[in-house]
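My questions all concern the structure below.
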C-alpha cells in the first residue's frame, strides 16, 4: 500500500489533479478517442513524468479485512505523487460501478482525491470525473 503524504496542502493536491487533467487533455488531443485503456494509461504516465511528477502504474492494492492482508489482484491505474489516484477508462459511458471502483480504491489506500478519466469521448471535458472522499484531501 502506498504511503499517504499528510503534509501536503490542498493547493498542492489541486495542482497535481489539475496537471493530470491537463496532461490527459494533451494525450486525448494527440491520440483521439479510439484506443485501448492501456495505451492511454501509458501515454498519460509518460506525459506526467515529462512534467516532473512521480507516477506509479498498476499499483497493487491489497485489502485488509479482519486484520488480515489479502491480495485480490486490485490495481490502481495511476498513483500520482502518492496523493491522487487516476482510473483510466475507454468505455462508451461511465457507470456508477466505475465511480464506486475508484471511491473504493481511494478509501482502501487512504487517498482523498481521485480522477476517473474516460478517453472514449469526443471532448475529454465530458469524460472527466473528479472525486473527493470526505475532507481528507485538505490534510
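In the range 114-124, which residues are over 8 Å from the mean Cα position of the chain (by Cα), free of Cβ contacts under 8 Å to residues at least 60 places away in the same chain and more than 8 Å from residue 90 (Cα to Cα)?
Of everything in the range 114-124, just one residue is over 8 Å from the mean Cα position of the chain (by Cα), free of Cβ contacts under 8 Å to residues at least 60 places away in the same chain and more than 8 Å from residue 90 (Cα to Cα), namely 123.
Looking only at the range 23-41, which residues are in a helix (DSSP H, G or I) and surrounded by 15 or more Cβ atoms within 10 Å (Cβ to Cβ)?
Restricting attention to the range 23-41, the residues satisfying the condition of being in a helix (DSSP H, G or I) are 23-31, 37-41.
23, 24, 25, 26, 27, 28, 37, 39, 40, 41, listed by residue number.
Taking the condition of being in a loop (DSSP other than H, G, I, E, B) and in contact (Cβ under 8 Å) with a residue 12 or more places away in the chain, how many residues in the range 94-106 meet it? Outline the logic, then answer.
Applying the first criterion (in a loop (DSSP other than H, G, I, E, B)) to the range 94-106 yields 94-95.
Restricting the remaining residues to those that are in contact (Cβ under 8 Å) with a residue 12 or more places away in the chain gives 94.
So the count comes out to 1.
Enumerate the pairs (first residue in the range 42-60 and at negative phi and surrounded by 13 or more Cβ atoms within 10 Å (Cβ to Cβ); second residue anywhere and assigned to a helix (DSSP H, G or I) and modelled with pLDDT under 95) with beta-carbon separation below 8 Å, excluding pairs fewer than 6 apart on the same chain, so at least 6 apart or on different chains.
That search, which allows pairs on different chains as well, returns nothing.
In addition: Would you please name the residue that is nearest to residue 53 (Cα to Cα), looking only at residues in the range 107-121 that are assigned to a loop (DSSP other than H, G, I, E, B) and at pLDDT 95 or above?
Taking the range 107-121 first, the residues assigned to a loop (DSSP other than H, G, I, E, B) are 110-112, 119-121.
Add one more test, that the residue is at pLDDT 95 or above, and what stays is 119-121.
On the way: 119: 21, 120: 25, 121: 26 Å.
By that ranking, first place goes to 119.
Within the range 73-93, does at least one residue satisfy the condition of being touching a residue at least 40 places away in the same chain (Cβ under 8 Å), touching a strand residue (DSSP E or B) at 6+ places or on another chain (Cβ under 8 Å) and in a helix (DSSP H, G or I)?
no
Here is a list of conditions, (1) at pLDDT below 95; (2) touching a helix residue (DSSP H, G or I) at 6+ places or on another chain (Cβ under 9 Å), and residue 104 meets all of them except one; can you say which number that is?
(2)
While we're here: For the condition without any contact (Cβ under 8 Å) to a residue 40 or more places away in the chain, surrounded by fewer than 19 Cβ atoms within 10 Å (Cβ to Cβ) and out of contact with any strand residue (DSSP E or B) (no Cβ under 9 Å at 6 or more places or on another chain), what is the one hit in 110, 134?
Working: 110 fails: without any contact (Cβ under 8 Å) to a residue 40 or more places away in the chain.
Criteria check complete, one pass: 134.
The values are calculated or read from the model by the stated rules, or taken from the named source; none is laboratory data. Just so it is clear, the model here is predicted, and its values are computed rather than measured. Note: ideal-geometry Cβ built from the backbone for every residue, glycine included; neighbour counts use all protein chains shown.
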